[in-house]
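The values are calculated or read from the model by the stated rules, or taken from the named source; none is laboratory data. Computed from a prediction, not measured in an experiment: that's the story for all the values here. Counting neighbours? That spans all protein chains shown, and the Cβs are built from the backbone with ideal geometry, glycine included. Keep in mind that these areas ignore ligands, DNA and RNA; they rest on the heavy atoms of the full protein, side chains included. Shrake-Rupley method; radii C 1.70, N 1.55, O 1.52, S 1.80 Å.
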Amino acid sequence: MDVSLEISIPGSGSTLFSGESLEFPGALAALALGPEATRTRVGGGAADIVVARALDTLPGAAVRSALLERAPLAFLEGLWLAAFAAGAAEAVAAVETEAGLAEGIAALERLGGPALRVAVVPRAFMASEDTALIRLLEGRPALASAPRVELGGKAAAVFSIEDLVALSHRFAGREAGSLVQVRGAVNRPGLLEVPPGTTLRSVIFERCGGMRGAKAFKFALAEGSFIPADGLDVPATGLITVGDEGDCVVDQARRALALTAYENCGICTICREGSHQLEELLADASSGETRGTDEALIQELGAALREGSLCAIGRRAPDPLLSGLRHFAGDFDAHLKRKRCPALVCRAYVTFHILGETCTGCGKCLAVCPEGAIEGEEDYIHVIDPGACTRCGLCLDVCPPEAAAVAKAGALKPRTPREPIPVGTWKKR
């Protein structure tokens with residue numbers, strides 16, 4: 001899926017994308033300080049080679065792609081600084097495309113110090129794990145491996161492009177903001193540059209213009225965990241998904257777990273099997289197939305993944321589920337015990353109805369229903385056959401907003417005509 005790389009800049013102007021210069025003041029400052037003093041400022045230990053993770057790894061994510069496009073010189077300078085501080089002779093930028101980097105690499109080579117090279121690798125979910133990224137760079141499958149990170153037999157240190165751009169600004173004496181990406185139920189989703197310390201609350205309700213459609217805020221999903229309304233006063237980072245009262249936490253947790261279940265490397269049994277079992281448990285919760293022991297099993301499997309997975313991807317896999325249970329216990333209780341979906345998202349718990357008060361008999365829902373489950377004709381109130389309806393929701397999608405005649409219902413059903421009748425006559429009955 002293509003994602004726009006257009007970035008919303010603060011009203012005070014950009015600090016993140018200012019100061020791009022082939023003179024590389026941070027690198028010059030490091031050369032004057034020397035490797036040991038530079039390492040003290042950068043932090044970390046020695047390494048033979050430094051690797052930069054400069055590609056996005058999650059579906060729809062664009063933060064790293066945008067940084068690479070808009071701040072290539074700051075990125076390269078940060079990579080050079082990290083390698084110089086570590087005493088590494090070489091640094092590798094793992095990217096999806098090397099466009100726009102050649103000039104900066106040539107300018108840094110003239111300064112001396114570590115050699116920089118670019119390696120183009122495919123976007124992969126497992127590339128967010130250090131050892132899996134190293135294997136990609138070696139042309140092998142992206143599998144997690146032992147904790148020691150080596151590339152070609154050399155001790156390697158891995159940095160993200162976000163950290164390297166920040167390092168470049170810090171060495172040049174500049175305080176820069178960061179880049180976040182917001183998607184979901186806000187008025188202005190997209191990429192935003194935010195000043196240091198900007199909170200999730202400020203991003204959602206100020207920079208993104210608040211909730212779309214005047215609906216109530218329900219959650220933010222950030223760094224793999226659900227955050228409720230009273231937890232938004234924390235720094236905004238990375239990819240943020242915002243949900244409103246019409247979003248289902250159980251469904252969102254299932255989607256997050258499904259990504260790990262189907263994209264993990266499979267090298268360790270607990271992650272491979274445990275993530276699939278958790279995803280299946282949530283699928284059961286969304287389809288009315290729950291059992292009384294499911295919640296205890298979810299907690300047990302979540303703890304096992306956190307303790308027994310080989311890499312951070314497996315250890316973080318249950319975070320959406322466990323944070324959802326902690327902050328939105330009512331949603332999980334409704335699905336697991338009462339077999340209800342309060343948000344009317346999970347199909348098994350939802351029925352569709354055509355309201356006699358507002359149906360105009362336009363026929364649009366008739367035309368799109370794949371099962372022929374809607375009866376009616378022009379200027380007649382249409383009727384959905386609940387036995388034939390597969391709850392695909394296409395009727396709701398095409399119903400004209402001014403009519404808003406198609407409604408979703410849970411346990412309480414609206415009163416509707418049993419058979420098609422002329423438009424305008426239902427109110428009289």
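Ligands, DNA and RNA excluded, the heavy atoms of C208 present near 0 Å² of accessible surface to a 1.4 Å solvent probe. Put the Cα centre of the stretch 294-320 next to the Cα centre of the stretch 179-219 and the gap is 29 Å.
For a quick check of your reading of the filter: which trypsin sites (Lys or Arg not before Pro) in the stretch 126-180 sit in a DSSP loop and have no more than 13 other Cβ atoms within 10 Å? Walk me through the numbers on the way to the answer.
Details: sites: R135, R148, K154, R170, R174; in loops: R148, R174.
Answer in residue order: R148.
Shown are L76, L33, whose ranking by accessible area with a 1.4 Å probe and every protein chain present, most to least, is L33, L76. For the stretch 94-154, the list of GluC sites (Glu not before Pro) that fall in a loop by DSSP and count at most 16 other C-beta atoms within 10 angstrom reads E96, E98, E138. For the stretch 189-303, the residue among A220, F205, T293 whose Cα projects farthest onto the positive side of the dipole built from Cβ charges is F205.
When you restrict to C-alpha pairs under 8 Å that are six or more residues apart and normalise by the size of the stretch 308-400, the relative contact order lands at 21 percent.
So if each residue of separation counts as 0.36 nm, and I subtract the Cα-Cα distance between L396 and A214, what length gain in nm does that give? Present the calculation step by step, with values, prior to reporting the outcome.
On the way: separation 182, 0.36 × 182 = 65.52 nm, distance 1.95 nm.
Taking L396 through A214 to full extension adds about 63.6 nm, to one decimal.
Considering only C395, T15, H353, and ranking their Cα positions along the charge dipole of the chain that arises from unit charges at the beta-carbon of Lys, Arg, Asp and Glu, the one farthest toward the positive end is H353. Projection of the Cα convex hull of the stretch 1-80, averaged over all directions and equal to a quarter of that hull's surface, yields 7.1 nm². Normalising the average separation of contacting C-alpha pairs (under 8 angstrom, six or more residues apart) by the number of residues puts the relative contact order of the stretch 1-88 at 45 percent. Working from Cα pairs under 8 Å separated by at least six residues, relative contact order for the chain is 12 percent. Only helices enter this figure: runs of n ≥ 4 DSSP H residues, each worth -39500 (n - 2.57), summed and divided by the residues of the chain, yield -10000 deg cm²/dmol at 222 nm to the nearest 500. Think of the chain as a dipole: +1 on every Lys or Arg Cβ, -1 on every Asp or Glu Cβ, centred on the Cα centre; then among C268, I374, P318, I374 lies furthest on the positive end.
Within the full protein context, the accessible area of V118 is estimated at about 40 Å² for a probe radius of 1.4 Å.
In this simple spin-label approximation, A229 and R174 carry label points 7 Å from Cα along the Cα→Cβ vector, and these lie 4.0 nm apart.
The alpha carbon centroids of the stretch 321-346 and the stretch 233-261 are separated by 14 Å. Listed by chain and number, the lysines placed with their C-alpha closer than 21 angstrom to that of K215 are K408; residues fewer than eight positions away on the same chain are left out.
Scanning the chain for DSSP H helices at least 18 Å long along the axis (C-alpha atoms) with a Kyte-Doolittle mean no lower than -1.0 picks out 72-86, 249-263, 269-287, 294-308. Average accessible surface for the stretch 339-429: 58 Å² per residue, computed with a 1.4 Å probe over protein heavy atoms with every protein chain in place.
Here percent of Cα pairs over 43 Å apart was computed from the coordinates, and among [x] 26; [y] 19; [z] 11 the match is [x].
Taking 0.36 nm per residue of separation and subtracting the current Cα-Cα distance, fully stretching the chain between A32 and T97 would add 20.1 nm. Of the trypsin sites (Lys or Arg not before Pro) found in the stretch 211-249, those that fall in a DSSP loop while having at most 16 other beta-carbon atoms within 10 Å are K215. Put a plus charge on the Cβ of each Lys and Arg, a minus charge on the Cβ of each Asp and Glu, and nothing anywhere else: the dipole of the stretch 102-225 about its Cα centre is then about 460 debye.
Placing +1 on the Cβ of every Lys and Arg and -1 on the Cβ of every Asp and Glu, with no other charges, gives the stretch 260-392 a dipole of roughly 600 debye about its Cα centre.
Any idea what the dipole of the chain comes to, in debye rounded to 20, about its Cα centre with Lys/Arg Cβ at +1 and Asp/Glu Cβ at -1?
On the way: 43 positive and 53 negative charges, 175 e Å.
That gives a dipole near 840 debye.
Heavy atoms of the protein chains alone define the surface here; on that basis the stretch 1-120 has 43 Å² accessible area per residue at 1.4 Å probe size.
The heavy atoms of R291 present about 120 square angstrom of accessible area, all protein chains included, probe 1.4 Å.
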